[in-house]
Amino acid sequence: MARASLAASRGNDVALWEFDARAAAELPRARTSARCVPGFSLAPAIEVTNDLPQAVAGREVAIVVVPSDT
């Protein structure tokens, strides 16, 4: 989420793909996730989706980030 927000703050068109459908539905409303990064707010410009093809469609770069501790 932090990398997505950094990219968005630099004017990039950013989509965040969330594997968990329930989290993907909640994140656009709450703009935060205690499970991922407690206390961090997702930038408003970031699109959140549970649909991977939608997340990468039309984008030149895809950055994959895997949590190290869940």
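The values are calculated or read from the model by the stated rules, or taken from the named source; none is laboratory data. Predicted model, so just to flag it, every value in this text is computed and none were measured. Note that each Cβ is placed from the backbone with ideal geometry, even for glycine, and that neighbours are counted across all protein chains shown. Accessible surface is based on the protein model in full, side chains and every heavy atom, while ligands, DNA and RNA are left aside. Shrake-Rupley method; radii C 1.70, N 1.55, O 1.52, S 1.80 Å.
Could you give the size of the charge dipole of the chain about its Cα centre, using +1 on the Cβ of each K and R and -1 on the Cβ of each D and E, expressed in debye and rounded to the nearest 20?
With only Lys, Arg, Asp and Glu charged at Cβ, the dipole is about 200 debye.
Taking the dipole about the Cα centre of the chain, with the C-beta of Lys and Arg at +1 and of Asp and Glu at -1, give me whichever of 53, 16, 5 is farthest to the positive side.
5
May I ask you to give the solvent-accessible area per residue for the chain, in square angstrom, as obtained with a 1.4 angstrom probe?
On a per-residue basis, 75 Å².
What nm value, rounded to one decimal, do you get for the distance between residue 19 and residue 65 when each label is placed 7 Å out toward the C-beta?
So the two model labels end up 1.5 nm from each other.
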